[in-house]
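Peer 1: Provided herewith is a single structure, encoded as structure tokens, for subsequent inquiry.
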Amino acid sequence: MWHFFRQSSAPAGTSDSCYSILSISKRGRAGKAGKKRKTYVGSPRIRDIQNAIAARYLAHMPVGDHVCAYEPKKSTIATAEMCSNKAIVIQIDCKDFFPTIRRSWVRNLFSHYGYSREVSNILAGLLCVSESYKDSQGRVCKKYFLPQGGVASPLVSNRVADMRFDKNILALLKHTGWEYMRYSDNIYIVRDDLLPREQVDEVVKAVRRTIHQSGWRTHKVRVDLRWRRQKVLGLVVNEKANLPREEYYALKAILYNCSVNGFPAELSRANSLTKKDLISVSRFIGHLKGRLSYASQVLCDSRVAKLRGYMDTALELQKISDDAKNRISEVMLTEDVLGVLAALSKQEESKATPLIDAANESD
């Protein structure tokens, strides 16, 4: 255990560390601008240790119903439904949510639940990662924080944020008519009736001030009223949680094209449109099945039936194509085997002929 504690303290990406660094393109406009998200991939052994810590310690630390991510029976659709049919939807995004959580905050979390400082320090060290940087004077320093990509990081972040600012915001909004919920670093504050803009701005300032005092920074603040499109976690929530119109039509178009032209013909176009690494037809089919399954949870029955009809037709077309390829392969394999057998029989005949001639001469 001490060995892995020392490895977690070594700078990530070095040979002494149990973490490697992986850069992933961000989604949306940030990804199109070339921005990357840094994730930390732990070794198999440190992942096993963190899974054990999550099951033995973190799973027994309760969080409120306002925490909507990474917890049992919580999902993006359930969160969107909680925000649906509201007069005002306020969205606030925490900047650098995971890297902002320091190792001392994680240690304080375990200390808050009664663990000794020594045990809390070891558990925090096993859950956090270190990285080297240069300060303003050029000196090399190390910082310890919660890694984005760690197997236990989601549960830790929920409990640290709940302890540091969730409870304060809930106390601030109590008996005011506002409802508060948080999905990872996305904060949503909703209300059933309209208010003057000045009062809404005061609520936003108070909530942001509370978050800043807890140690995080905020950006991407958005206030949507009922007569504008209200979007939560990629779903439109003006009346109920629903797929955006443009996403539905895009999915419908690609399924229709696959039902007419087949999956292989649409694979290259899908790669350019979705920005996914769909290297094979089987992966492309799995991607479409996943998108269709997600859309089926929020779309109306008529639209779901239409999309499933296109998908079934495309799968039947793919099955016919695979059967034809298998029959061709069987024919080619049979011809090859017959050719080999014919060649072997000729060799056997050529070997037997001299023996027969020799027997005739002896007679």
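Peer 1: Provide a single number: the residues in segment 174-219 that are surrounded by 18 or more Cβ atoms within 10 Å (Cβ to Cβ) and without any contact (Cβ under 8 Å) to a residue 40 or more places away in the chain.
Peer 2: Selection size over segment 174-219: 1.
Peer 1: Please verify whether L146 is surrounded by 13 or more Cβ atoms within 10 Å (Cβ to Cβ) and under 25 Å from S104 (Cβ atoms), treating the condition exactly as stated.
Peer 2: Values: surrounded by 13 or more Cβ atoms within 10 Å (Cβ to Cβ): yes; under 25 Å from S104 (Cβ atoms): yes.
Answer is yes for this residue.
Peer 1: Being surrounded by fewer than 13 Cβ atoms within 10 Å (Cβ to Cβ) and either in contact with a strand residue (DSSP E or B) (Cβ under 9 Å, 6 or more places away or on another chain) or of a type in the set (V, I, T) (or both) is the filter here, so list the residues in segment 44-76 that pass it.
Peer 2: D65
Peer 1: Right, here's the next one. Please verify whether segment 81-92 includes one or more residues that are small (G, A, S), closer than 23 Å to H66 by Cα and open to solvent by less than 30 Å² (accessible area, probe 1.4 Å). Steps first, please.
Peer 2: To start, the set of residues in segment 81-92 that are small (G, A, S) comprises 84, 87.
Next cut, closer than 23 Å to H66 by Cα only: 84, 87.
Within this subset, residues satisfying the condition of being open to solvent by less than 30 Å² (accessible area, probe 1.4 Å) are 84, 87.
Looking through segment 81-92, at least one residue is small (G, A, S), closer than 23 Å to H66 by Cα and open to solvent by less than 30 Å² (accessible area, probe 1.4 Å).
Peer 1: Among the residues of segment 79-117, how many are under 14 Å from K231 (Cα atoms) and among the hydrophobic types (A, V, I, L, M, F, W, C)? If you could, list the steps in order and put the result at the bottom.
Peer 2: First, pick out the residues of segment 79-117 that are under 14 Å from K231 (Cα atoms): 79-93.
Filter once more, so that each one left must be among the hydrophobic types (A, V, I, L, M, F, W, C): 80, 82-83, 87-90, 92.
The qualifying residues number 8.
Peer 1: Do the conditions hold for V41, that is, is it assigned to a loop (DSSP other than H, G, I, E, B), within 22 Å of R102 (Cα to Cα) and open to solvent by less than 70 Å² (accessible area, probe 1.4 Å)? Steps first, please.
Peer 2: Values: assigned to a loop (DSSP other than H, G, I, E, B): no; within 22 Å of R102 (Cα to Cα): yes; open to solvent by less than 70 Å² (accessible area, probe 1.4 Å): yes.
Answer is no for this residue.
Peer 1: Same structure, new question: Do we have any residue at all in segment 98-110 that's assigned to a loop (DSSP other than H, G, I, E, B) and surrounded by fewer than 18 Cβ atoms within 10 Å (Cβ to Cβ)? Give the derivation first.
Peer 2: In the first step, residues of segment 98-110 are kept if they are assigned to a loop (DSSP other than H, G, I, E, B); the result is 101.
Okay, now just the ones that are also surrounded by fewer than 18 Cβ atoms within 10 Å (Cβ to Cβ), so none.
No, segment 98-110 contains no residue that is assigned to a loop (DSSP other than H, G, I, E, B) and surrounded by fewer than 18 Cβ atoms within 10 Å (Cβ to Cβ).
Peer 1: Do we find that D224 is charged (D, E, K, R) and open to solvent by less than 60 Å² (accessible area, probe 1.4 Å) in this structure?
Peer 2: Yes.
The values are calculated or read from the model by the stated rules, or taken from the named source; none is laboratory data. Because the structure is a prediction, the values reported are computed rather than measured. Glycine gets a Cβ as well: all are built from the backbone with ideal geometry, and neighbour counts include every protein chain shown. Keep in mind that these areas ignore ligands, DNA and RNA; they rest on the heavy atoms of the full protein, side chains included. Shrake-Rupley method; radii C 1.70, N 1.55, O 1.52, S 1.80 Å.
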